[in-house]
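The values are calculated or read from the model by the stated rules, or taken from the named source; none is laboratory data. What you are looking at is a predicted structure, and each value in this text was computed from that prediction instead of being measured. Quick reminder, even Gly has a Cβ in these numbers, built from the backbone with ideal geometry, and neighbours come from all protein chains shown.
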Amino acid sequence: MKIELDIDTLDWEKGNELLPAIVQDANSMRVLMLGYVNKEALRKTIDTGLATFYSRSQKRLWQKGETSGNVMRMVDIKADCDNDTLLYFVVPKGPACHKGTRTCFGDGNDKTDLSVLADLADTIRDRRANPPTGSYTAKLFEAGLSRIAQKVGEEGVETALAAATRSTSMPEEAADLLYHLFVLLEASDLSYKDVLSILKDRAEKKGLANDN
């Protein structure tokens, strides 16, 4: 991890030597929590690669997960335009909240956002690494790449037919296609992030992500 951040250029005076740090999952983009840092906490975060904060109530530094083990490994840190707020990009190990929820803002409020895709990819990756008995995903990996590719083709045809006939089942068919595509990517040692990276490059070059 290499974080390029000039600590001394940050506006420490505005918040009495403390800056708020918004913590975001680098994979799912969920906002996990809000903490505060002083210069010492920020330096320790950069030096150790683990999210460290300053407790305003206990007047001391605390590393996230120091007792629970639910550490947050740093990916990057960004300062806002006024240099008085930080954005931490992390890879969390376990829930962010002491109450056991993934975020300090509770669970269940993000069922339709893009974090669902990150969760799907994580689950598929885990099924490949730790195949549970009776898991359909694990059976697909056991069947091999050719079979997974065949399933993507089958689901693609079913999605297209559902669209052509204006079937109300199209969202379900599209979900099946997306799931099998994620399995195919994982079996090919790829990720949906590789696909997003290409779409991003196309959008920057041509103005439209799907304009060929």
Check your understanding: Quick one: would you say Thr101 is of a type outside the set (A, V, I, L, M, F, W, C), modelled with pLDDT under 95, surrounded by 13 or more Cβ atoms within 10 Å (Cβ to Cβ) and not in a strand (DSSP E or B)?
Key -> yes
Counting only residues in the range 60-75 that are assigned to a strand (DSSP E or B) and hydrophobic (A, V, I, L, M, F, W, C), the one surrounded by the most Cβ atoms within 10 Å (Cβ to Cβ) is identified as Met72
Among the residues of the range 80-88, is any in contact with a Phe, Trp or Tyr (Cβ under 8 Å, 6 or more places away or on another chain) and in a strand (DSSP E or B)? no
The range 1-59: strands (runs of 3 or more DSSP E) wholly inside it with 1 or more residues that are crowded, with 18+ Cβ neighbours inside 10 Å, under 20 Å from the mean Cα position of the chain (by Cα) and free of Cβ contacts under 8 Å to residues at least 24 places away in the same chain are 52-55
Of (1) under 20 Å from the mean Cα position of the chain (by Cα); (2) closer than 19 Å to Leu114 by Cβ, Asp189 fails just (2)
*asked:* Would you confirm, using the coordinates I've provided, whether Met33 is more than 24 Å from Lys14 (Cα to Cα), in the same structural domain as Trp12 (by TED's automatic domain parsing) and of a type in the set (A, V, I, L, M, F, W, C)?
replied: no
Open item on the list: It is to be established whether one or more residues within the range 95-106 are outside the structural domain of Val23 (by TED's automatic domain parsing), without any contact (Cβ under 8 Å) to a residue 40 or more places away in the chain and basic (Lys, Arg).
Closed with: yes
